[in-house]
Amino acid sequence: MIKTRRIQFALAGVLALIASDVTYAQTIPDVPRDRTLVVAFNPEAPTYRNVGQANPYSINIDDMRGSIINMFEPLFYYNTITDKLIPWLAKSLEYNDSNTQLTIHLRSGVTWSDGEPFSADDVVFTLRLLKSNGETKKDMVKATAVAEDVASVEKIDQSTVVIHLTKPDPRFAFRYLINCFESGLQWLPEHIWKDVADPASFSFYDPQKGWPVTTSPWKVVRFTDTQIFMDRRDKWWASDAGLAKMPAIERIITVPGGTNDHMAQLMLANQADIAFDLPVPVVKQILSRNPKVTTFSGNNPPFGSADDWPPSLYFNHKDPIWQDAHLRHAVNYYLDRKQLVDVGFEGATHPIFSPFPGFGTLKPYIDAIKPLADKYGIGVYDPARGDQEMAAAGYAKNSNGMWQKDGKLLSSTIETIPTLGFLGPLVAQQLKNHGLDIGYQSSPESRAIMRDGKYQLALFGHRGSDTDPFATLDAYTSKNAIPVGEPTLFLARWSNAEYDKIVAQVGHLRPGDPGILPLVKAAMEIWLRDAVEAPICEFYLRIPMNQTHWTNWPSEQNPYMQPTFWLTSGQFGYVLWQLKPVQ
């Protein structure tokens, strides 16, 4: 519940940030509140931990995800809501007939914020930098993947780039060149980065030099452990070209949102204009108490927009306990997903049985595997069958009704990030009710614990498919079954050679090919048979948006882009210039 008595405390921090006091006046100009966008971002810690980090390929980008990442403009944006591709820095691209080569046609007249032209040199440089790092140090985000996928890159002229791939790959463009959710690359200015000795450790932050240099209309003017200020520049190539309007926003202040209560109070008091994804009960209370606040679906369920991040209960397949498929099936049967939805989300979503998000383009594949999910009991609540699986694994209930084997209880701890903190205790309690000794914990370090494979059970979402099933299928191939201690956000660390072969066949077909459907069914039969994880429910991004100072937020009636501002694609940059001031 939102605690009203804490509002004054919550306001103090943000008011201090946007006040025009002597300290701020000495370094940056004043900007009126009605031309300032205040963003409450949850970096899963009370303060920013990587101050001055503006390198989009650093492994430590959690702080800049809610702010600076949106300054890096893509070649193309993609809107999953409308299934629309939006050319931006590039005008078009095409594959050759064998899907082994792409040609990119860049837009002319694009300039970096320091006035230098953006050209094919920058695209070629960025890809070659990542490829080189992925072949050597492997300490930059996405570098290893680029090295595996890119054979070579060549500049044809200032507006044309040809990428030669290591294998036929009809989805390369969507992974690297089209920015959506967590897909896409950030392009680097060659004239600055070519002299950097160690790209992975380069912060790319120096306000005196205008760094980070991007093609966007923004510049970073302050970055401390409690605030990131981005001010509007005087010129922007997209405005000059008539592609977009110059933003009405003059300053963006991003602050650590802290707890859900804290972010809610900022929205109630009209001190934040947009906040991080919040649980359903919190969003409903904000909507009921502040008529100026809305969501993507207004005041109606699901109180947000569909996300590509459906949560599951993950089993660590490197953990000896959870290598037994009987136990994984038992947990699946013990989960009452309808109760989790009704209690945790107040009914504002629905249970699922697969790892795919419910976007319309994926629905035919999801429908096709439903009989297989029923066959293997994934998504099915049936405690009796769960008990059978436990017995098959050699467990028996003791006098306290808890499952044990060789005198030891089946004990594990569920790890999750604060975003799903409300769901963890519910899942743990359901499993306890069926005789499993399951605990729960969440902290600012939980993401790193899960990423490094140092967990037993985890609640987390999927990064995968948006329009085509391949990306989600590929997340479970053996390349992600890496040793504990090596980082990956594909948490299962499961491996099956037969599955790998089927997914490789999917990868050779262009999205939409009718041959994909039977292959998806064959791959998912293995996945469901092995009970790789326990899917929970569809996920919606419940982002409160305040209309006190700014309007024209994305909505069901005006779905020009998802309102999510912390995605590594930087797609919120497409929203910023479309917001309109109330006064």
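The values are calculated or read from the model by the stated rules, or taken from the named source; none is laboratory data. Only a predicted model underlies this, so the values are computations on that prediction, with no experimental measurement involved. So basically every Cβ, Gly included, is an ideal-geometry build from the backbone, and we count neighbours across all protein chains shown.
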Out of the residues in the stretch 412-447 meeting the condition of being out of contact with any helix residue (DSSP H, G or I) (no Cβ under 7 Å at 6 or more places or on another chain) and assigned to a strand (DSSP E or B), tell me which one is surrounded by the most Cβ atoms within 10 Å (Cβ to Cβ). Asp437
Considering only the stretch 239-250, I want to know if a residue exists there that is touching a residue at least 24 places away in the same chain (Cβ under 8 Å), within 23 Å of Pro46 (Cβ to Cβ) and not assigned by TED's automatic domain parsing to the domain that holds Ser132. no
Taking the conditions exactly as written (under 28 Å from Leu489 (Cα atoms) and either touching a residue at least 12 places away in the same chain (Cβ under 8 Å) or not assigned by TED's automatic domain parsing to the domain that holds Val484 (or both)), does Trp236 satisfy them or not? no
Look at Val506 and say whether it is out of contact with any strand residue (DSSP E or B) (no Cβ under 8 Å at 6 or more places or on another chain), of a type in the set (A, V, I, L, M, F, W, C), outside the structural domain of Ala173 (by TED's automatic domain parsing) and at pLDDT 95 or above. yes
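Here is a yes/no grid of residues against (1) under 22 Å from Ile274 (Cα atoms); (2) at pLDDT 95 or above; (3) among the aliphatic types (A, V, I, L, M); (4) not in a loop (DSSP other than H, G, I, E, B):
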site: Arg5; (1), (2), (3), (4): yes, no, no, yes
site: Leu11; (1), (2), (3), (4): yes, no, yes, yes
site: Leu15; (1), (2), (3), (4): yes, no, yes, yes
site: Asp34; (1), (2), (3), (4): yes, yes, no, yes
site: Pro43; (1), (2), (3), (4): yes, no, no, no
site: Ser58; (1), (2), (3), (4): no, yes, no, no
site: Ile81; (1), (2), (3), (4): yes, no, yes, no
site: Asp97; (1), (2), (3), (4): no, yes, no, no
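Would you confirm whether or not the stretch 274-286 contains a residue that is over 12 Å from Ile543 (Cα atoms), surrounded by fewer than 22 Cβ atoms within 10 Å (Cβ to Cβ) and of a type in the set (Lys, Arg)?
Within the stretch 274-286 (the criterion being over 12 Å from Ile543 (Cα atoms), surrounded by fewer than 22 Cβ atoms within 10 Å (Cβ to Cβ) and of a type in the set (Lys, Arg)), the answer is no, since none of the residues qualifies.
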Would it be correct to say that Lys292 is out of contact with any helix residue (DSSP H, G or I) (no Cβ under 8 Å at 6 or more places or on another chain), assigned by TED's automatic domain parsing to the domain that holds Asn42 and in contact (Cβ under 8 Å) with a residue 12 or more places away in the chain? yes
For the stretch 338-386, give me each residue that is in contact (Cβ under 8 Å) with a residue 40 or more places away in the chain, part of a helix (DSSP H, G or I), among the hydrophobic types (A, V, I, L, M, F, W, C) and within 15 Å of Leu517 (Cα to Cα). Leu362, Ala368, Ile369, Leu372
Evaluate the stretch 164-174: report whether one residue or more is charged (D, E, K, R), closer than 23 Å to Ser216 by Cα and in contact (Cβ under 8 Å) with a residue 24 or more places away in the chain. no
Residue selected from the stretch 516-551 under the condition without any contact (Cβ under 8 Å) to a residue 40 or more places away in the chain and under 30 Å from Tyr314 (Cβ atoms), by the criterion surrounded by the fewest Cβ atoms within 10 Å (Cβ to Cβ): Pro518
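Would you confirm, using the coordinates I've provided, whether Ala151 is more than 19 Å from Ile68 (Cβ to Cβ), touching a Gly at 6+ places or on another chain (Cβ under 6 Å) and not in a loop (DSSP other than H, G, I, E, B)?
Values: more than 19 Å from Ile68 (Cβ to Cβ): yes; touching a Gly at 6+ places or on another chain (Cβ under 6 Å): no; not in a loop (DSSP other than H, G, I, E, B): yes.
Judged against the criteria, Ala151 is not a match.
So in the stretch 188-230, with the set limited to residues that are part of a helix (DSSP H, G or I) and not small (Gly, Ala, Ser), which one is farthest from Lys142 (Cα to Cα)? Quick ask: steps written out before the conclusion?
Let us first name the residues in the stretch 188-230 that are part of a helix (DSSP H, G or I), namely 190-193, 199-201, 207-209.
Of the ones still in play, those that are also not small (Gly, Ala, Ser) are 190-193, 199, 207-209.
Details: Glu190: 18, His191: 22, Ile192: 20, Trp193: 17, Pro199: 13, Pro207: 26, Gln208: 29, Lys209: 27 Å.
Going through the qualifying residues, I end up with Gln208.
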Could you run through the stretch 293-310 and say how many residues are modelled with pLDDT of 95 or more, in a loop (DSSP other than H, G, I, E, B) and touching a strand residue (DSSP E or B) at 6+ places or on another chain (Cβ under 6 Å)? 3
Go through the stretch 237-246 residue by residue and tally those that are surrounded by 22 or more Cβ atoms within 10 Å (Cβ to Cβ) and either on the phi > 0 side of the Ramachandran plot or in a loop (DSSP other than H, G, I, E, B) (or both). 0
